[in-house]
């Protein structure tokens, strides 16, 4: 590989990583919408991927020729590897999971949002449930996702749910014991995407039944995030109640 192509590939790699790094924070602080920033992320990933392959080939050529260790190039490759792997995994997930963003443990009678409805004003995804077709696709993709049963009275379960939600870093908007309802928002760290959650606790056979719904405010596909969040919450709730 020529001396010209090696610096070019390294610049592509570093430039791509820079685009990836700024895409999330720029959206999170409100300087740009999520669509252009996701596009910027994609462009950055492509540039970084091309640059990584070219830089790796250049490094191999230098080492085969007995040249000195290209430290800068190796450092850049080591920094890029986990980033590109993570983006690649997200791309694979996008293909494997259904393009839905409204997940509920009860698809026949999904918990409804109340307090968070005004917070979703102007959001592309409305607060209402997305319908039976979405429920069918959810059931096919997430077979194990369903309500949780506890042999504890609803008031105690709801209090435990509030503790779990706060420990998870959610912003809790309401805990309503009379309605057996908790509403909260989870915000992703990098892009700042907001997903709203409602937890419904009802008395059931001397104990309690817990249903959870999580819906993204933007985006067609949630890449499985809402289902993972619900499953993790129910596991943590079980652990909290079992203490």
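Restricting attention to segment 191-228, the residues that are in a helix (DSSP H, G or I) and either touching a residue at least 60 places away in the same chain (Cβ under 8 Å) or buried (at least 23 other Cβ atoms within 10 Å of the Cβ) (or both) add up to 2. Looking at segment 104-119, is at least one residue within 29 Å of residue 181 (Cα to Cα) and part of a helix (DSSP H, G or I)? Yes. Please work out if residue 57 is buried (at least 17 other Cβ atoms within 10 Å of the Cβ) and on the phi < 0 side of the Ramachandran plot. It is false that residue 57 is buried (at least 17 other Cβ atoms within 10 Å of the Cβ) and on the phi < 0 side of the Ramachandran plot. Just one of the listed residues (87, 107, 20) is buried (at least 16 other Cβ atoms within 10 Å of the Cβ) and assigned by TED's automatic domain parsing to the domain that holds residue 142, namely 107. Looking across 61, 91, 73, one residue alone is more than 28 Å from residue 210 (Cα to Cα) and in contact with a helix residue (DSSP H, G or I) (Cβ under 6 Å, 6 or more places away or on another chain). It is 73. If you check 40, 10, 31, 57, which single one turns out to be under 32 Å from the mean Cα position of the chain (by Cα), in contact (Cβ under 8 Å) with a residue 40 or more places away in the chain and not assigned by TED's automatic domain parsing to the domain that holds residue 217? It is 10. Inside segment 177-190, residues that are surrounded by fewer than 15 Cβ atoms within 10 Å (Cβ to Cβ) and in a strand (DSSP E or B) make up a count of 1.
The values are calculated or read from the model by the stated rules, or taken from the named source; none is laboratory data. Note that the coordinates shown come from a computational prediction; the quantities given were computed from them, not determined experimentally. Cβ: placed from backbone, ideal geometry, glycine included. Neighbour counts: every protein chain shown.
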